[in-house]
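Visitor: Here's a structure for you.
The values are calculated or read from the model by the stated rules, or taken from the named source; none is laboratory data. All of these numbers come straight from a predicted model, not from anything done at the bench. All Cβ positions, glycine included, derive from the backbone under ideal geometry; neighbour counts span all protein chains shown. Protein only, heavy atoms only, side chains kept; ligands, DNA and RNA dropped before computing areas. Shrake-Rupley method; radii C 1.70, N 1.55, O 1.52, S 1.80 Å.
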Amino acid sequence: AFTGTCTPCRAGYFANVTGMRWCHRCPANSISKTPGSTTCTKCDPNTEYTNRQRTECLRQRACDRTDYVVEYTNCKNGKSSKTFRWRTPKICNDRLPDSVQLPTEDDSISCLNCNPGMGNDTSQKVCTYCSGETHGDGQGACKKCLPGSQAVRGIHYDWWQKNILSDEIRLWCSSEFNRFQDMCDDGEHPWYLAGNFLAVGAGFPVKTNAYLTVTTVGFKGRRGVIEFEYEMACPSQHCDFKVREDEDIVWSWSGQTRERVVIYPRS
């Protein structure tokens, strides 16, 4: 049940009509500095950007190599394009004299291999999971197992590209105040795919979560392992990396962590 009082929207949020059930977060590149706001104020898109809390307009700095990410387009006829885009939200100004510029797109890249357990169409390089009686190393078509053998079941991700991610993968984020709302919907997606690794950018407000959800249908209750390699380059000790299975936390790390491989056995 609702209480008998109304709570002012906190800074960074607004309610612009009578009877709103929830306060709305200020749109991209706009802020509200005081609680109880009914509107948001836009920052100058040419010189400013908002902090993640959307309570302050900050001055853009010159762009450097850390401000853009590399992405690969879907394969076609054995070729893929290597593209570059600015991280969102964009916090730098590429018009400043000392700024780097986005590299030129390269459309002559040989397609990356599919992930293990996948095969690809030889003409279009479209990655698909191998069927139950076949196996694949990601470098060609799926093959049938020889008599007296069977395929080892598993899900492997060696390459992170849009065209070879399956429906079992979901990338999303939320905050303490919008726990069940996907904050990535407003264009500030924290994840980026960079070929042989997946990463989360900097600049999150306090108590914000970035999620990588993997659905492993058909594996629950069977013996096996979950293996992954990771690194945390966090500027403070207020970063946590947790591994959950359903609702249970099975592994947790905090602060700076050098690159390491984790093998989590399942029984």
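Visitor: Identify all residues within region 1-28 that are at pLDDT below 85 and either among the acidic types (D, E) or under 16 Å from N51 (Cβ atoms) (or both); write none if there are none.
Guide: A28
Visitor: Next question, about the same structure. Does P103 fit the bill of being assigned to a loop (DSSP other than H, G, I, E, B), exposed (fewer than 12 other Cβ atoms within 10 Å of the Cβ) and out of contact with any Lys or Arg (no Cβ under 8 Å at 6 or more places or on another chain)?
Guide: no
Visitor: With the requirement that a residue be open to solvent by less than 30 Å² (accessible area, probe 1.4 Å), out of contact with any Gly (no Cβ under 9 Å at 6 or more places or on another chain) and at pLDDT below 90, what does region 33-82 give you?
Guide: D67, Y68, C75, G78, S80, S81
Visitor: Additional query: Among the residues of region 8-24, is there at least one that is under 30 Å from L198 (Cβ atoms), surrounded by 13 or more Cβ atoms within 10 Å (Cβ to Cβ) and among the hydrophobic types (A, V, I, L, M, F, W, C)?
Guide: Within region 8-24, not a single residue is under 30 Å from L198 (Cβ atoms), surrounded by 13 or more Cβ atoms within 10 Å (Cβ to Cβ) and among the hydrophobic types (A, V, I, L, M, F, W, C).
Visitor: When you check K33 against the structure, is it closer than 28 Å to L193 by Cβ, in a loop (DSSP other than H, G, I, E, B) and of a type in the set (K, R), yes or no?
Guide: So K33 does not fit the description; no.
Visitor: With the checklist (1) at pLDDT 80 or above; (2) small (G, A, S); (3) open to solvent by 30 Å² or more (accessible area, probe 1.4 Å); (4) not in a loop (DSSP other than H, G, I, E, B) in hand, flag the one item S108 doesn't pass.
Guide: The number of the failed condition is (1).
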